[in-house]
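Working notes, beginning with the structure itself.
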Amino acid sequence: MHSRDTSGQFRLLLPLVTAACLGPLSAHAFCGFYVGKSDAKLFNEASQVALVRDGERTVMTMSNDYKGALTDFALVVPVPSVLSKEQIHVGERKYIERLDAYSAPRLVEYFDPDPCAVARYRVLAPATESSRGMMAAKDEAKRGIALGVTVEARYTIGEYDILILSAKESSGLETWLRESGYRIPPKASAALAPYIRQDMKFFVAKVNLTSHKEAGFNYLRPIQIAYESKKFMLPIRLGMANATGPQDLVVYTLTRRGRVESTNYRTTKLPTGMDIPLAVKEDFGGFFKAVFEHAYENEDRRAVLTEYAWNMSWCDPCAADPLSPAELRQLGVFWLDDGPAPMGIRRPMIPSNSSPVFLTRLHVRYDPEHFPEDLVFQETGDQENFQARYVLRHPFEGSLSCAAGERYREQVEERRRIEAQTLAQLTGWQSDVIRRRTGTDAPTPKPWYQRLWSK
Amino acid sequence: MPARLAAVSIRDPRLLQIAFLGSFLCAGLTVLHFDLQLWQPLLIVATALGMQWGMTRLMKVPPAGYLSPLISSFGLSLLLRSDLWWIPPFAAAVAISSKFLIRFRGKHIFNPTNLGLAAAMLVSDRAWCSPSQWGESAVLIAWFAIFGLAVAHRAFRSDVSIYFFGAWLLLKLGRVVYLGQRLPVLWHQLSTGSLILFTFFMISDPKTTPDSRLGRAIYASAVAGFAFYLQHGLWRYNTLIWALLAVSPLVPLIDWLFKGERYRWPGQSFSQATLFTSGRGSGEMKFGRFGIAVLGRIFAFITASLPTMPLR
């Protein structure tokens, strides 16, 4: 594992993280070292989508952790054209999980040196977070009836039966889907209409129970589609038709030139780099969830939040190893063999398995009111690296028998006070919650008069 | 030009424009957290003022003051993003020098901010615009402010702005209706600060717009139509910038087809980037009561809808 830090040595606990992530689906488990395995329902209703894009070529991987009856499962995704069988692939869940682990918000630990002795450092860099889900509307398909709906293609790939539909009008499509056994929510027609008007087709997938049984998986594998389109967008409106509340979506974009942002929603970065109380280590998941929600509320629930933006050839600190070229290829990165990067690509600082792949991790919590349109993206030339990273600073715990030690103790008290304030600002937690969470680590302010006559 | 005419007057409408753009920029650097470092606007302003000073001497033209380059600088700072240090000053240098170098029959062809942005994006793929960096609350306040100012002050009242905005609104509304989308989609599409800057500070630049009223209507509609086609037909980005860049060179042709009196700054005292002012001078664009009434209505509509809008 290659990691780098200017201040000292690393000790990494990452194999644990990776192991937790690679295991079979544990429903909504929060995939991270610092989080209890059982109770963590971190981001409910979450979906994970990887978008690989260069020019007009796009590969989309939709990972879902559907937990209902397999007969009820259906995925409806608007696509720009009729896809041939070669454009559709059923991939492995582990590659999305690798992306998640690599780009997850992280916690870093620093240990203060003995103030009475020569400086000593030890650094630790772990912690990940995960979220997943299914992509679009839930329906089920049967045989076709006219109604202006044409079945353009029909494939069985992996454990999925796939139809590519085109439709003349939304009510016809809604009726067709309903008559074919899909349980269509009442607003589906209104959500389908704009796609039909834009002459888009519909990718409809359901589980083929026989193939699924033969394949022997106890979860649904992600569907991948490859297509060419001028539109760099993600259709989220369809998924809102039958949603009860806000839905979480984590989008990983893998591009060649730089960071990806939304052009029709404000894209902001999560607060990062702050020193926070040590107690956060006990529940990093809960902390990060609060940070996300606080930032989301601060942005009027209308923003796309950037959690990570990094050239994939390295990381610092690494929450997980960068993905290998083979893993990137599995996600659909198609330009790895193309030779040198196009103009403007900065050489990575560590040329390990240097890959001209820039990963952006965007987290969206959307609902119909605040996200009236689909997400449109643009690839910027921005290659500045960004990560959501939070710092724990352990005070020195030996005996402090020098004058410098006394000063140091005061500095630590002051530091704890500031860390508690930072925690309040990041999470919006009230002071009593913070006191409860920080416990013995809470700053113990001296009465003002104690300072008055002390030297 | 006598020196006193180049001096800054307290009545100069550009001061208000600078105040508007300046407060937007301050908000962007502070509460809105634009992807912008403080040194970038400073470098842009320094380059633009330096270019203005240098080009005025080099071309041996009468000094036109430093308000216009300041407005161009603020516009560039608000719109241009880059992670390379030389891009912002490069854009500022192109913007200001183009006013002196690319001219036809006494008018400069391109709006400086527009050309600066386009040049930066053309020379490097490390320059970009972030059209949704503003957030809807900030944009709502900005729309509110700009329409208020337009009703209150002639400096923000240009018939080109109204023609363009009208055409843009109609096209966008037409698309929303055609696609069967709901009206919040339209509002969402108008919620971008770039549109405000473009409408009131870029396309309305009277030194680069046609002389006749009909010409200006054609010009504004052509920019709106072409930008709409680029955006929704070809799925391009920053289409307002590219459309204005493409239509600007046609202005001499429009002027030749539709004769009108050349716009002059009132008292010849204002320089290029100043917006149209009504009621004085011979070549003015008559805005008229109708225009003010329309602006008043929009202002009233926004005021009425304020309580229902998402404000922080």
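For segment A:79-91, the count of residues that are at negative phi, at pLDDT below 90 and assigned to a strand (DSSP E or B) is zero. The residue list A:V250, A:V260 contains one member that is away from chain B (no Cβ under 14 Å) and either crowded, with 22+ Cβ neighbours inside 10 Å or in contact with a strand residue (DSSP E or B) (Cβ under 7 Å, 6 or more places away or on another chain) (or both), which is A:V250. For segment B:183-212, filtering for residues that are in contact with a Pro (Cβ under 8 Å, 6 or more places away or on another chain) and β-branched (V, I, T) leaves 2. If you check A:P372, A:P395, A:P368 for being under 29 Å from the mean Cα position of the chain (by Cα) and surrounded by fewer than 19 Cβ atoms within 10 Å (Cβ to Cβ), only one passes: A:P368.
If you check A:R183 against the conditions, is it modelled with pLDDT under 85 and of a type outside the set (V, I, T)? In short, yes. Being touching a Leu at 6+ places or on another chain (Cβ under 7 Å) and farther than 30 Å from B:H188 by Cα is a property that holds for A:L278.
In segment A:302-324, is there at least one residue being within 14 Å of another protein chain (Cβ to nearest Cβ), at pLDDT 90 or above and assigned to a loop (DSSP other than H, G, I, E, B)? Yes, there is a match, as at least one residue in segment A:302-324 is within 14 Å of another protein chain (Cβ to nearest Cβ), at pLDDT 90 or above and assigned to a loop (DSSP other than H, G, I, E, B).
Apart from one condition, A:L336 fits all of (1) surrounded by 16 or more Cβ atoms within 10 Å (Cβ to Cβ); (2) modelled with pLDDT under 90; (3) touching a helix residue (DSSP H, G or I) at 6+ places or on another chain (Cβ under 8 Å); the exception is (1). Of everything in segment A:383-418 that is in contact with a strand residue (DSSP E or B) (Cβ under 7 Å, 6 or more places away or on another chain) and in a loop (DSSP other than H, G, I, E, B), the residue that is farthest from B:R126 (Cα to Cα) is A:A388. Please tell me if B:V139 is within 12 Å of chain A (Cβ to nearest Cβ) and part of a helix (DSSP H, G or I). It is true that B:V139 is within 12 Å of chain A (Cβ to nearest Cβ) and part of a helix (DSSP H, G or I).
Among the residues making up segment A:414-433, a single one is surrounded by 14 or more Cβ atoms within 10 Å (Cβ to Cβ) and among the acidic types (D, E): A:E419. Of all residues assigned to segment B:89-108, none qualifies as being buried (at least 24 other Cβ atoms within 10 Å of the Cβ), within 15 Å of the chain's Cα centre (by Cα) and not in a helix (DSSP H, G or I).
Residues in segment A:281-301 that are within 14 Å of chain B (Cβ to nearest Cβ) and hydrophobic (A, V, I, L, M, F, W, C): 1 in all.
Here A:P271, A:P235 are screened, and the one residue that is within 14 Å of A:L423 (Cα to Cα) and either out of contact with any strand residue (DSSP E or B) (no Cβ under 6 Å at 6 or more places or on another chain) or touching a residue at least 40 places away in the same chain (Cβ under 8 Å) (or both) is A:P271.
Going by what's in this entry, would A:A319 be described as among the small types (G, A, S), free of Cβ contacts under 8 Å to residues at least 40 places away in the same chain and buried (at least 20 other Cβ atoms within 10 Å of the Cβ)? When the stated conditions are applied, A:A319 does not pass them. Restricting attention to segment A:295-315 and to residues that are in contact (Cβ under 8 Å) with a residue 40 or more places away in the chain and among the polar types (S, T, N, Q), the residue that is surrounded by the fewest Cβ atoms within 10 Å (Cβ to Cβ) turns out to be A:S313. For segment A:264-280, the set of residues classified as surrounded by 20 or more Cβ atoms within 10 Å (Cβ to Cβ) and either more than 30 Å from A:R435 (Cβ to Cβ) or away from chain B (no Cβ under 14 Å) (or both) consists of A:N264, A:Y265, A:R266, A:T267, A:I276, A:P277, A:A279, A:V280, listed by residue number.
The number of residues in segment A:380-416 that are among the basic types (K, R) and within 14 Å of another protein chain (Cβ to nearest Cβ) comes to 0. Looking at this structure, is B:S132 of a type in the set (S, T, Y), more than 14 Å from chain A (Cβ to nearest Cβ) and closer than 19 Å to B:F34 by Cβ? Criteria not met by B:S132.
If the condition is being basic (K, R) and within 14 Å of another protein chain (Cβ to nearest Cβ), then segment A:185-239 contributes A:K187, A:R197, A:K230, A:K231, A:R237. The number of residues in segment B:160-198 being surrounded by fewer than 21 Cβ atoms within 10 Å (Cβ to Cβ) and away from every other protein chain (no Cβ under 14 Å) comes to 6.
The values are calculated or read from the model by the stated rules, or taken from the named source; none is laboratory data. Keep in mind it's a predicted model, so treat the numbers as computed, not measured. Neighbour counts are summed over all protein chains in view; Cβ atoms, including those assigned to glycine, are modelled from backbone coordinates with ideal geometry.
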